[in-house]
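Structure first, commentary second.
Quick note: the coordinates plus some simple rules give every number you see, no bench work behind them. Remember, predicted model here, so these are calculated numbers, not experimental data.
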Amino acid sequence: MKVNKQFYTLNKEYYNKNAIYYENSSWYYFNKYKSYALKKDLQKIIKNFSKEINILEIGPGTGYLLDHLNFSKKKIQYLGIDHSSQMTKFLIKKYKKKYHKFKILNLSLKSNNTTKILKKKKFDLILGSSILHHFPKYEIVINKLFEHLNDNGIMYFNREPLGKSDCIKPKIYQKIFSSLIAIISNLILSSFIKKILYPKKIKAANAKNIAIHMFKNGVSLKPFKKLKSKGCKIIIFRKYNRRITSFLMNMENNILSNFKSDIFGNTMFAISLKKVK
């Protein structure tokens, strides 16, 4: 994919400007359905490790994943890579004193510099939330990160837009159901109410310069499936339709899941792979 030379600069500037508003204006921080599902994923992952865990997180922001991780009494070595220095300030304030070793690199990770930045380092757990769709060449990044995974190590990515080619064509009754849920969602949270509940972020001039795959083709599952041939086992795969309220998300994704359909741009997924010896 051809990328504007200013892509990483624009992305970094956007998150630096919005760091102070980020947690309060991002509705998923307060969504109980998402929080419960995320915690369940992470609990399953953490059970795979003994007392020491060497963690790499790509784009940790202000700590969305760390907020949901419960390491108990495990000894943690943490490395985060995030090019927003302003987001990092919040992250350091919250977590620097909680882990055995805690380090943040304020760099723009790219498909052609991953090996240079990480060198020969290996990790037990590699994490990322809402990050892959920001990489122009996310397929290469996934494969590069795999090379830095220890045997029996785990990669986990959350809140990624399901690729267009991976979306299953909905049946008529599923389309009708999705339309009804969307109408109810808009009625419950009108633009007026949203303004009251969620502080407004400073908008990007062009959102496609910030999260390019969110609006074009989403994130394909193919790179993950290909890793199976390299000795990876998919231990978690969860897809869900995002709605602003926990009630509607639970209704659509759990209670009436047979009526749910994949909707490009609205259907997200979480995936975890374990590198088998």
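I want to verify a result. In a Gaussian network model of the chain, Cα cutoff 10 Å, which of these has the top mean-square fluctuation: Ser84, Ser108, Ser185?
Ser185
Specify the residue with the greatest mean-square fluctuation among Lys225, Lys32, Lys119, computed from a Gaussian network of the chain linking alpha-carbon atoms under 10 Å apart.
Lys119
Counting only Cα, what are the radius of gyration and maximum Cα-Cα distance Dmax of the range 7-162, in Å?
In order Rg, Dmax, the Cα atoms of the range 7-162 give 14.9, 40 Å.
Beyond 12 Å, what share of the Cα-Cα pairs of the range 209-262 remains, rounded to the nearest whole percent?
Pairs farther apart than 12 Å: 75 percent.
Kirkwood Rh over Cα pairs of the chain into Stokes-Einstein at 10 °C, 1.306 mPa s: D in µm²/s?
My calculation gives 81 µm²/s for D.
Taking the alpha-carbon distance from Lys47 and a cut-off under 14 Å, which aspartates and glutamates remain once sequence neighbours fewer than 8 residues away in the same chain are dropped?
Filter leaves Asp124.
Given the DSSP H assignment, sum -39500 (n - 2.57) over each helix run of at least 4 residues in the chain and divide by its residue total; what's the result at 222 nm in deg cm²/dmol, nearest 500?
Estimated from H runs of four or more residues: -9500 deg cm²/dmol.
Using the structure shown, select from Lys171/Lys228; Lys226/Lys274; Lys137/Lys230; Lys51/Lys239 the pairs with a Cα to Cα distance greater than 25 angstrom.
Checking Cα-Cα distances, Lys171/Lys228; Lys51/Lys239 exceed 25 Å.
Does anyone have the angle between helix 85-95 and the longest principal axis of the chain? Alpha-carbon axes, 0 to 90°, nearest 10?
80
Would you list which aspartates and glutamates come within 19 Å of Lys94, measuring only between C-alpha atoms, while excluding same-chain residues fewer than 8 positions from it?
Within the straight-line cut-off, Lys94 pairs with Glu23, Glu57, Asp67, Asp82.
Where Rh is the Kirkwood radius over the Cα pairs of the range 1-98, the temperature 4 °C and the viscosity 1.567 mPa s, what D in µm²/s does Stokes-Einstein return?
Stokes-Einstein gives a translational diffusion coefficient of 86 µm²/s.
Only Cα pairs within less than 10 Å get springs; with that Gaussian network setup on the chain, which residue of Tyr173, Tyr95, Tyr29 has the largest fluctuation?
Tyr173
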